[in-house]
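Right, one structure below, let's go through it.
No value in this document is a laboratory result; all are computed from the given coordinates. Everything numeric here is computed off the predicted structure, so don't read it as measured data. Quick reminder, even Gly has a Cβ in these numbers, built from the backbone with ideal geometry, and neighbours come from all protein chains shown.
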Amino acid sequence: MDRDQLTEHLKFAGEIGVAGVSRDAAWRTRATGPTVGPTLPTAKAEMSAAPKPDAAPVTVFKNSVDALAAIRADIGDCTRCKLHTLGRTQVVFGVGNPNADLMFVGEAPGADEDEQGIPFIGRAGQLLTKIIEAIALTREDVYIANIIKCRPPQNRNPEPDEVATCEPFLFQQIDAIKPKIIVALGKYAAQTLLRTDTPISRLRGQQFDYRGSTLIPTFHPAYLLRNPSSKREVWDDMKLVKTLLTDF
Ligand code: URA
């Protein structure tokens, strides 16, 4: 398939409602195993008929629900990093609207999340729910996930190898959902996603282009529980989020 044919093919796929096509290296790696999720027959046929040495398998999903289900199935009962040997109960994948315009990304599951398998369900999560409701949305309207999907022991910071192993799944979630806005909750999520050491106090108040979305860093709800006076800044950030959502 030459470039023009591929362009035409992708245009057609878009017209018939295909929501996601990924050439992400992480997808490519996993595509060497059994293909997960439906693949457009035409894409499959073309690929097997005329493989190019550098041609990457293209995984196409009809919608974000199918894409998220495939990502979840791919993660399985993950043993890819050492966290599965360090006391985690289960993978905490993500929760919410697969077509959300707004996505929140935190650091890692805590004890409550590890127990229930749902991100942001403990005290910090209850505050996050209030923050979401403050801009007239519900948890069901948005999507909530973390940089890493298993609880680190004693809630220590995720280690670089754990992030490197797990972060591609978050990227896949972002690419499936295609939110307009991503709110990075706290220093760790913001610095990790943006690949920076800049303090969260300087990152917040700014907007960043990120994987086709606008990323807004803000303070983590757990930080707000310890520093309630910073709620004012988070409210400013959420007002910006609301404005951007309305303007899109
Ligand atoms: N803190 C996070 O960063 N994520 C959660 O899911 C819960 C607490």
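Observations on the structure shown:
- Measuring against 23 Å, Cα to Cα, the residue pairs Lys82/Lys149; Lys82/Lys130; Lys180/Lys242 contain Lys82/Lys130 as the ones spanning a longer distance.
- Size check on the stretch 186-230: the Cα extents along the three principal axes, sorted descending, read 32, 18, 15 Å.
- In order along the stretch 177-186, the phi-based Karplus estimate (6.51 cos²θ - 1.76 cosθ + 1.60, θ = phi - 60°) of 3J(HN,Hα) comes to 7, 6, x, 6, 10, 10, 9, 8, 8, x Hz; Gly and Pro are listed as x.
- For Ile121, distant residues with modelled amide H under 5 Å away: Glu113
- Dipole moment magnitude, nearest 20 debye, the stretch 128-248 about Cα centre, only Lys, Arg, Asp, Glu C-beta charged: 340 debye
- Radius 14 Å from Cβ of Leu225, net charge of other residues (Lys, Arg +1; Asp, Glu -1): +3
- Relative packing of peptides 185-195, 237-247, 218-228, 140-150 - highest average C-beta neighbours within 10 Å first: 140-150, 185-195, 218-228, 237-247
- Cα shape, the stretch 57-215, gyration tensor, a/c 1.5 rule: rounded
- Descending by average beta-carbon neighbour count within 10 Å, the peptides 196-206, 156-166 line up as 156-166, 196-206, the highest first.
- Net charge contributed by nearby residues that have their C-beta within less than 13 Å of Asp236 (K/R +1, D/E -1): +3
- Taking a ≥ b ≥ c as the square roots of the eigenvalues of the Cα gyration tensor, an a/c ratio of 1.5 or more together with a/b no larger than b/c marks the stretch 150-248 as oblate.
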